[in-house]
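See below for the structure under consideration.
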Amino acid sequence: MMTIHKALVLSGMALSFCLQAQENIPHLQKKGTATQLVVEQKPVLIIGGELGNSSASSAHDIETHFPKLQQMGLNTVLVPAYWDMIEPEEGKFDFSLLDTTIDQARKNDLKIVFLWFGAWKNSMSCYAPLWFKKDYKKYPRAYSKAGKPMEIASSFSQNVLNADQKAFAEVMKHIASVDSKQGTVIMMQVENEIGMLEGARDYSKEANTAFNAQVPETLIKFLINNKKELHSSLSEKWGKQGFKTKGNWQEIFGNDLYTDELFTAWSYAQYVEKLAKTSKSIYHIPLYVNAAMNSRNRQPGEYPAGGPLAHLIDIWHAAAPSIDMLSPDLYDGNFADWVSKYRLHNNPLFVPEVKMTANNGVQAFYAFGEHDAIGYSPFSIENNSEAGSKRLAEAYSKLKQLIPVLTKYQGQGWSKGLLFDQTNSERKISFDDLTITARHFFSLPWDPRAKDGSVWPEGGGIILRLAKDEYLIAGSGMVVEFEKLNEKKEIQAKDLGEDGFAAQGGKIQTQNQWTGGKRVGIGPVDEIRIDENGNFIPIRRLNGDQTHQGRHIRIGVDEFAILHVRLYEYQ
């Protein structure tokens, strides 16, 4: 007969094994103001790329793409998981593509984020199985205001939800069964760019009934409890109606297109929450939902209305608390402005999809440096050009080296991101009594492309304060100067010749009378690499011409580098 002591020991061992297994599952943790993704018990950054919509629909494609992506320097690939191929016949599931993806990821030392192309992909139900599409009476469509049925499954149908939820649950069960010990799959996207098109809401009979009913009490309570922190557009709409707490959607928020969109957001978010709760009950890895942007002055319905857009973020948080991140898909420029809308106190930044350009690497540096981003991922990554792949690999190799250092300092306010172009070419940063002036590399006259009419490539990167007089500067296409507050510069960059001295015929600078006090000087500047434990390994010393004799730190537009800079004071 087992003794009580032995039983307690065995029970404790079982609990220990259970807790250890939970720790090995990818999860999120807070660190200061940052949220970190923890994989294999270490915080990581997703240095990623997303496959095109049809690029994971055959084993041949997957096996062809993954070695190239590994060579490009990625550590994570975002991969579609297609409902129509996973459940081609109702109740019969085929996980062979998922298994091939996981196998190729392991062979190429990559992690996976699966994108559930379920009931909706870019609003439409194009990846729902044929058996689902054909049975429109059981699985009804959304209707336009004119009464037209659309190729969009209705989020107000319980049958639609049941079918989608069942398939997603089977996917999560399979991933848990084949991957919970190895943790190759680190996150899941629920649906894809969910939202309503042609109009701001569904006009089916069920939708109309819900629209004319009382606004759910759950949402009203959320609005009341978070009144001071609501997005300005939502607060303004509610305020114009007198902050009412009883009434239907138009009575609470007014009669316009944006009220229709709020209603749609609530419907979609509630639907997604049900899938999210099911997912986490099976395998508790992080979940996010991505949004197609409301850009180009489009109205709701001209873009996918009701998705997890910045102005709807409160509705989504109220209705879908099990979703860990609401994330932007970015294709329209103004990268810095868009990401600032999604890096909130209650929403970590993850950029799962961004237009592939020659400057993706610079944008990634900015996202990690300025916003403690969880990850960054250009779209259709397998179609990157040879030159684009080479430049992205250079950027990603440096970012991967920076992971142990950036994750160590995240959430403490010591990291700043830089992003420059021809219009926005300078930023000033202050730490205590030190002013750092960072500019685009072409603000120096030394490269002929700065003045020959060429469009300036984006430049920028990360400035990370390690200690009072110690910094890491990493990225591409920037120049950085240090000075004490109110210190005056004697020679401006525009007056320098190619040798770094004052240009012949240049302006004569008027020097102010020196008033005393300490100045800051640039000490040793080392180009370094960083090993997986965060140790700095010198490559070369850059003092002299490379620092303009101690006047600035610079990295050219054609290279990525990590520089370790030490400062000193003198007077």
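Evaluated against (1) surrounded by fewer than 21 Cβ atoms within 10 Å (Cβ to Cβ); (2) in contact (Cβ under 8 Å) with a residue 24 or more places away in the chain; (3) assigned to a helix (DSSP H, G or I), THR264 falls short on exactly one condition, (1).
The residues of region 524-546 that are surrounded by 14 or more Cβ atoms within 10 Å (Cβ to Cβ), at pLDDT 95 or above and farther than 19 Å from TYR396 by Cβ, listed by number, are PRO524, VAL525, ASP526, PHE536, LEU542. Exactly one residue among LEU472, LEU485, LEU466 is surrounded by fewer than 20 Cβ atoms within 10 Å (Cβ to Cβ) and at pLDDT 95 or above, and that residue is LEU466. The strands (runs of 3 or more DSSP E) found entirely in region 94-165 that carry 3 or more residues being more than 30 Å from PRO26 (Cα to Cα) are 141-143, 149-153. Residues in region 97-124 that are out of contact with any helix residue (DSSP H, G or I) (no Cβ under 7 Å at 6 or more places or on another chain) and polar (S, T, N, Q) were compared, and the one that is nearest to ALA269 (Cα to Cα) is SER123. Within the set ILE252, ILE224, the sole residue that is aliphatic (A, V, I, L, M) and either touching a Lys or Arg at 6+ places or on another chain (Cβ under 8 Å) or under 12 Å from ALA319 (Cα atoms) (or both) turns out to be ILE252.
Within region 58-65, one or more residues are assigned by TED's automatic domain parsing to the domain that holds TYR396 and in a loop (DSSP other than H, G, I, E, B).
Across region 1-50, which residue is modelled with the highest pLDDT among those that are of a type in the set (Asp, Glu) and more than 18 Å from the chain's Cα centre (by Cα)? Even if it seems obvious, please write down each step before you answer.
Filtering region 1-50 for residues of a type in the set (Asp, Glu) gives 23, 40, 50.
The next check asks that each one be more than 18 Å from the chain's Cα centre (by Cα); those that pass are 23, 40.
Details: GLU23: 66, GLU40: 95.
In this case the residue turns out to be GLU40.
Looking only at residues in region 174-209 that are outside any helix (DSSP H, G or I), surrounded by fewer than 21 Cβ atoms within 10 Å (Cβ to Cβ) and of a type in the set (D, E, K, R), the one that is farthest from the chain's Cα centre (by Cα) is GLU198.
Kindly provide the set of residues from region 341-388 that are among the hydroxyl-bearing types (Ser, Thr, Tyr), farther than 11 Å from GLY49 by Cβ and more than 11 Å from the chain's Cα centre (by Cα), ordered by number. Break it down into steps so the answer makes sense when it comes.
Our first condition is that a residue be among the hydroxyl-bearing types (Ser, Thr, Tyr); within region 341-388, this holds for 342, 357, 366, 376-377, 380, 385.
Still in the list and also farther than 11 Å from GLY49 by Cβ: 342, 357, 366, 385.
THR357, TYR366, SER385, listed by residue number.
Out of all the residues in region 345-363, which are assigned to a helix (DSSP H, G or I) and touching a residue at least 40 places away in the same chain (Cβ under 8 Å)?
Our first condition is that a residue be assigned to a helix (DSSP H, G or I); within region 345-363, this holds for 360-363.
Once the filter is applied, which keeps residues that are assigned to a helix (DSSP H, G or I) and touching a residue at least 40 places away in the same chain (Cβ under 8 Å), region 345-363 yields GLY361, VAL362, GLN363.
Quick one: in region 164-197, which of the residues that are of a type in the set (Gly, Ala, Ser) and touching a Gly at 6+ places or on another chain (Cβ under 8 Å) is nearest to ILE152 (Cα to Cα)? Reasoning before the result, please.
Residues of region 164-197 of a type in the set (Gly, Ala, Ser): 167, 169, 176-177, 180, 183, 195.
Imposing the further condition that a residue be touching a Gly at 6+ places or on another chain (Cβ under 8 Å) reduces the set to 167, 195.
Details: ALA167: 18, GLY195: 10 Å.
Applying the filter and picking the extreme gives GLY195.
In region 267-287, is there at least one residue being outside any helix (DSSP H, G or I) and touching an Asp or Glu at 6+ places or on another chain (Cβ under 8 Å)? There is at least one residue in region 267-287 that is outside any helix (DSSP H, G or I) and touching an Asp or Glu at 6+ places or on another chain (Cβ under 8 Å). Do we have TYR143 as surrounded by 18 or more Cβ atoms within 10 Å (Cβ to Cβ) and either more than 30 Å from the chain's Cα centre (by Cα) or closer than 30 Å to GLY411 by Cα (or both) here? Taking the combined requirement at face value, the residue satisfies it. Taking the criterion of being under 22 Å from MET187 (Cβ atoms) and surrounded by fewer than 23 Cβ atoms within 10 Å (Cβ to Cβ), the residues of region 48-60 that qualify are GLY52, ASN53, SER54, SER55, SER57.
Just wondering, is there one or more residues in region 161-171 that are touching a residue at least 24 places away in the same chain (Cβ under 8 Å) and of a type in the set (Asp, Glu)?
Keep residues of region 161-171 that are touching a residue at least 24 places away in the same chain (Cβ under 8 Å), which gives 161, 163-165, 167-171.
After this cut, where a residue has to be of a type in the set (Asp, Glu) as well, the list is 164, 170.
The answer is yes; a qualifying residue exists.
Considering only region 78-86, I want to know if a residue exists there that is assigned to a loop (DSSP other than H, G, I, E, B) and either surrounded by fewer than 22 Cβ atoms within 10 Å (Cβ to Cβ) or outside the structural domain of GLY388 (by TED's automatic domain parsing) (or both). Checking region 78-86: not a single residue is assigned to a loop (DSSP other than H, G, I, E, B) and either surrounded by fewer than 22 Cβ atoms within 10 Å (Cβ to Cβ) or outside the structural domain of GLY388 (by TED's automatic domain parsing) (or both). Residues being in contact with an Asp or Glu (Cβ under 8 Å, 6 or more places away or on another chain) and in a strand (DSSP E or B): count how many of those fall in region 524-550. Summing the residues that are in contact with an Asp or Glu (Cβ under 8 Å, 6 or more places away or on another chain) and in a strand (DSSP E or B) in region 524-550 gives 6. Looking for something assigned by TED's automatic domain parsing to the domain that holds LYS42, crowded, with 18+ Cβ neighbours inside 10 Å and more than 26 Å from the chain's Cα centre (by Cα) - is there at least one such residue anywhere in region 229-242? No, that holds for no residue.
Within region 408-437, residues that are over 26 Å from LYS30 (Cα atoms) sit with their Cβ atoms under 8 Å from residues that are of a type in the set (A, V, I, L, M) and exposed (fewer than 14 other Cβ atoms within 10 Å of the Cβ), at 6+ positions apart or across chains, in these pairs: GLN422/VAL455; ASP433/LEU485; LEU434/LEU485; THR435/LEU485. Pairing residues of region 316-338 that are within 17 Å of VAL190 (Cα to Cα) with residues that are modelled with pLDDT under 95 and of a type in the set (S, T, N, Q), at Cβ distances under 8 Å and at least 6 apart in sequence or on separate chains, gives HIS317/ASN346.
The values are calculated or read from the model by the stated rules, or taken from the named source; none is laboratory data. None of the values given here were measured: they were computed from a predicted structure. Glycine also receives a Cβ, built like all others from the backbone with ideal geometry; neighbour counts cover every protein chain displayed.
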